[in-house]
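Working notes, structure below.
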Amino acid sequence: CSDELFIRPLSLVLSAAVRKGITEAVARAFKDTRVKAVVLCGENGKFCGGADIREFAKAMSGPPLVPMIHAIEAGEKPVVAAIEEMALGGGLELALGCHYRVAHAKARLGLPEVTLGLLPAAGGTQRLPRLTGIPAALDLITTGRHISAQEALKLGIVDRVTEGNAVEAAVELALSVVGRPLAPRRLSNHATPLPADLDGVFEEVLVQVKRRARGAMAPVACAKAVRAAAELPYSRGLECERELMNTLFTSGQARALQYCFFAQRAAGKWSLPNGARWDNSRPRAVHTAGVIGLGTMGRGIAVCLVKAGISVVAVETEEKQLDSGRRAVRGMLERDAKRRGVTAPLHMITFTLSMQQLRDVDLVIEAVFEDMALKKSVFAELSRVCRPNALLCTNTSGLDVDELASVTDRPPLVVGMHFFAPAHVMKLLEVICGPRSSPETVATAMTLGKRLGKVSVAVGNCPGFVGNRMLKLYLDQAHFLLEEGASPEQVDQALEEFGFALGIFKVADLSGLDIGWRVRKAAGLIGPDVDPKFPSRHRQGRRYCPLPDLLCEQGRLGQKSGRGWYLYDSAGGKEARPDPAISSFLQEYRLRYGISARRITEQEVVERCVFVLANEGFRILEDGMAAAPEDIDMVYVFGYGWPRHRGGPMFHAAQVGLATVLQRLEFYHRQNPDIPHLQPSTLLRRLVGARSPPMQQWKQHIRSINSQL
Ligand SMILES: CCCCCCC[C@H](O)CC(=O)SCCNC(=O)CCNC(=O)[C@H](O)C(C)(C)COP(=O)([O-])OP(=O)([O-])OC[C@H]1O[C@@H](n2cnc3c(N)ncnc32)[C@H](O)[C@@H]1OP(=O)([O-])[O-]
């Protein structure tokens, strides 16, 4: 066997060194008359994660991928790819250049380049459609989704799937095909199978990709490259693939998406000022968890925990809520299990009215109403009921975690876990490190978040934490723009053009306008506590916009009441229509306050809303509430619908140019001196003074080391 086969390990990515290794080894094997066939496999049981993304920012060195794959395909000896664990991006393209492919049953395959703002440019857009046909190739290439080995087998992407050792199975296959003609196995020789309605298929896909990621270039380029595979001979299709890739490669979008890839991983590498870090703090094992409160948040959290294999005790205070919570949670688990073709793990959750049942759990996540007094009473009770080393977590969107910790017998074991609705769907988890949260507690919450499939970001304990602290100012700008002359549709359209999945007023209608109303009442911004001497459009020394309060007073609470900033067909309706009543309401409002409406440009909408986010992000960095700009960006990308292809508010500010951001903020602040948040932050000024260093160096310019993390 060793005479006939030449097995060469690959490392996880196709770095210059790996490409050199493969090129040389395959050339030697092709030349060596003792070798009859070649098996390519990965190192440590992993076939390949694709091109080395870190190399994209540098000058290209080492043998290029495309000729390397061509040489393999053109070889006169059969080459078999043994796919263990993953064949992604350039890794799958390499496998498609081989004559046969064997995959382990647990392997995942895919062409995720689109998620990095690129396309599969090592022949992937030309070979895959020739193998699977256009619709399947379009689906995989434009979404970047990973598929199982079984699906790959169905699509014809792999020839064999094995539960056993994939390398041994590949060796067996290689031995069995020695001497067979290779021409039919060279995908570049194949004609692309065409669907009857080629134009219709592409039209449909373009509609879908534009809906999924508004303004993103890569999915459109991916579709164009696949179209070339349908219409052009292989070599011309390859040229088209290269040209499209060159355009994407140099685009800001690709840089932003690749930044997101690394920023997401960097967010997991948290550190605290006391020296505790992700790699020196041991998380506790979590086998059982309690969830208190089965409202929308509690239900989603319970579902996430059960799906991650953690036994849950879910507690409610009244039979009626317990019953509806039980029905909702079971329904979600059953639907999910049905989708995945497995049995719903209903036995892993217990529903109870008794807090006593939490006495043995490893950790509790409290998800009761956002009310400090209520949460404090729950935490005091948990101190009495839970075993002394159980972790106590609060799901809060902005309350003081330390104040809550102070009513317990174990402040070091208290941490915030801010989930986003719906909690079983949304990817973001803000882990709020109180000043007294222990490293072990933070490590446990961060690791638990990862186990639940979340992107966990460690943030400091301040009102609104990172996400909602910034959101408040973004919303304020949108409201001020309405006062000054814009309409909700105009603001939303500008933000959607920028790339947000939904404009801010549509989001507000979806979430319910009464939520903010309640928060503002609790903060004393509305109601009997407001000093009647103050004009209605000023509070606490700054401009205040009462428009959303006035809407709530009219019963316009958003989708749930069928009317909010928009009009809906009925209560609970989803289709937002501009409401002429809002237009007259705004006109009357401006008249009452003597505001003459002016024409507001799309540029002003985007700059004021988006730069104010970044400006507050700089303040958050200075206050030590986030450890790095990447963390702030990941909060926005995964929790607030920020368009990923724009990297996040901090990355976007760096892309636009910090000097420009500063100058525009100064301009808007001069126009609106009563909006203090338009005043450029000290850190932004300092960075511009230091000639706008790259993001990795921003930390060095934060003078007051005041980290709350
Ligand atoms: C004309 C021009 C021709 C150009 C040819 C184009 C070729 C091709 O079409 C382009 C591509 O392949 S584009 C690529 C298409 N491929 C993809 O998009 C796949 C991207 N990768 C993944 O999806 C996941 O990382 C895996 C599923 C591979 C592993 O998941 P897991 O087990 O949970 O582990 P983890 O924590 O995620 O990663 C572990 C460490 O590896 C690092 N790293 C990983 N991949 C990297 C890469 N490609 N690169 C560099 N680094 C990469 C990662 O940062 C982390 O580093 P840290 O310092 O420890 O933090």
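3J(HN,Hα) along region 467-477: x, 6, 4, 6, 4, 4, 6, 5, 4, 4, 4 Hz, from the Karplus curve 6.51 cos²θ - 1.76 cosθ + 1.60 with θ = phi - 60°, whole Hz, x for Gly and Pro. Within the chain, the longest segment free of exposed loop sites, counting chymotrypsin sites (Phe, Trp or Tyr not before Pro) that fall outside DSSP classes H, G, I, E and B and have at most 15 other Cβ atoms within 10 Å, spans 1-368. Put simply, the amide H of Ile147, placed in the peptide plane, has neighbours under 5 Å in Leu109, Gly110, leaving out anything fewer than 5 places away on its chain. Extension gain, Arg598-Gln663: 0.36 nm per intervening residue step, less the Cα-Cα distance, totals 21.2 nm.
With 0.36 nm allotted per residue and the present C-alpha distance subtracted, the Ala16-Phe369 stretch has 121.6 nm of extension available.
Taking each residue as 0.36 nm, the span from Leu510 to Ser235 lengthens on full extension beyond its C-alpha to C-alpha distance by 94.0 nm. Amide H contacts for Leu567 (H built 1.01 Å from N in the peptide plane; partners 5 or more residues away or on another chain; cut-off under 5 Å): Arg577, Asp579. Between the beta carbons of Arg327 and Ala421, assuming R0 = 25 Å, the FRET efficiency works out to 0.85 to the nearest 0.05.
In order along region 53-69, phi translates into HN-Hα couplings of 4, 5, 6, 4, 7, 10, 5, 5, 9, x, x, x, 5, 4, x, 4, 5 Hz, rounded to whole numbers, per the Karplus curve 6.51 cos²θ - 1.76 cosθ + 1.60 with θ = phi - 60° and x for Gly and Pro. Straight-line cross-link partners of Lys506 among the lysines, defined as a Cα under 17 Å from its Cα and at least 8 positions apart when in the same chain: Lys472, Lys560, Lys574. The string of couplings for region 287-301 from the Karplus curve (6.51, -1.76, 1.60, θ = phi - 60°) is 9, 10, 9, x, 10, 10, x, 10, x, 3, 5, x, 4, x, 5 Hz, one whole number per residue in order, with x for Gly and Pro. For region 486-592, give the percent of accessible area contributed by carbon and sulfur heavy atoms, probe 1.4 Å, rounded to a whole number. Carbon-and-sulfur percentage of accessible area, whole number: 56.
Taking the Cα centre as origin and putting +1 on Lys and Arg beta-carbons and -1 on Asp and Glu beta-carbons, what dipole magnitude results for the chain, to the nearest 20 debye? It comes to approximately 700 debye. For the residue pairs Lys307/Lys427; Lys269/Lys454; Lys106/Lys224; Lys77/Lys154, the C-alpha atoms sit more than 22 angstrom apart in Lys106/Lys224; Lys77/Lys154.
Remark on Val161: its backbone amide H falls under 5 Å from those of Ala103, a criterion applied only to residues 5 or more positions apart or on other chains, H modelled at 1.01 Å from N. Spin-label model, Gln150 to Lys338: label points 7 Å out along the Cα-to-beta-carbon direction sit 1.9 nm apart.
Checking the a/c ratio against 1.5 first, then a/b against b/c, what shape does the Cα gyration tensor give for the chain? Because a/c hits 1.5 or more and a/b exceeds b/c, the chain counts as prolate.
The values are calculated or read from the model by the stated rules, or taken from the named source; none is laboratory data. Small disclaimer: the values here were computed from a predicted structure and weren't measured. Methodologically, a virtual Cβ is constructed for each residue, glycine included, from the backbone with ideal geometry; neighbour enumeration extends over all protein chains shown. Note: areas computed on protein heavy atoms with side chains; ligands, DNA, RNA excluded. Shrake-Rupley method; radii C 1.70, N 1.55, O 1.52, S 1.80 Å.
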